[in-house]
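Here is the structure we will look at, set down as structure tokens.
Bear in mind these aren't lab numbers, they're just calculated from the coordinates by the rules spelled out. As the structure is a computational prediction, the values presented were derived from the model and not from experiment. All Cβ positions, glycine included, derive from the backbone under ideal geometry; neighbour counts span all protein chains shown.
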Amino acid sequence: MSEWLVLSIAMAASCAVVLTIVVFNSRRFGADDDTSETPDVMDYMTMMIGVVYAIVLGLAIAGVWEGRSAAQDSVRQEAQALHEISQRVQVYPTETRDLIRADVDAYVSYVVHKEWPHMADHEELTAKGTELLNTLRTDVTRFVPRTDLEGQAYQPLVDQVAAVDDARGVRAENAGATMPAVVWFGLIIGAMVTVGLIFVLQIRRTFRELLLAGLFSVLIAFLLFLIWDFDAPYGRGIGATPEPFLHLFPHLGS
């Protein structure tokens, strides 16, 4: 199911539920009911609860956005390290150079076309990707430099392989959802309480009040969707992408 369809359903459902409750709840009151009877302390408590929940939502959005940015940055570092390997190996003999570049291309192609969809669907990396990286590491480290230029390039290449491995490890850690279940429990309960408190203010069936109640519930649903979408950095519509690989290895994009 498309993320935008999920968002549309969530927003429409939350708005419909709130407006339905408002309409049925207003039938309990007579036309002469005095809406000014709401104690001032209730208005104050409602406002404070809304402010506190807004702060919690802001922190949650900032947290998942930071996780998404870190995930995208790790992809960029992984792609850049592989690009450095492919470029720096040019000082090696032709046979070794072609072998290592073939290892890099095989790894990048597999990550973009095979591992990335698997990671998005199953929230984990594949054993085949790890195997291809180990093959690259073996071919890089087993080479014996014969000239000073090859010796100067050897250690930086080994370091770049280590950088790829480290970035891959970060990608594995961020493959799944990052928001703990207890936080989601608090966000959902907080949303129900915050939306529910608008009924304390004794809203009626006027167009203005129904519009504000509907827009408020839609806003809460949208913010929760935003957190949910960012919560899986690689698995949803606004998540990190393999674009850095395609940018540095355009010949592997098709």
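The protection proxy used here, the mean number of other Cβ atoms lying within 10 Å of each residue, ranks peptides 100-108, 126-134, 180-188 as follows, highest first: 100-108, 126-134, 180-188. Model label points for M48 and E173, set 7 angstrom from Cα along the Cα-to-Cβ axis, are 3.9 nm apart.
Across the stretch 76-84, rounded Karplus estimates of 3J(HN,Hα) from the backbone phi angles (6.51 cos²θ - 1.76 cosθ + 1.60, θ = phi - 60°) give 4, 5, 5, 5, 5, 5, 5, 5, 5 Hz, Gly and Pro being marked x.
The calculated FRET efficiency for A16 paired with R142, based on their beta-carbon distance and R0 = 45 Å, is about 0.10.
Database remark: amide H of Y234 closer than 5 angstrom to the amide H of A240 (H placed geometrically; neighbours at sequence offset of 5 or more, or on other chains; Pro and chain starts carry no H). On the principal axes of its alpha carbon atoms, the stretch 101-214 extends 85, 26, 25 Å, with the longest extent given first.
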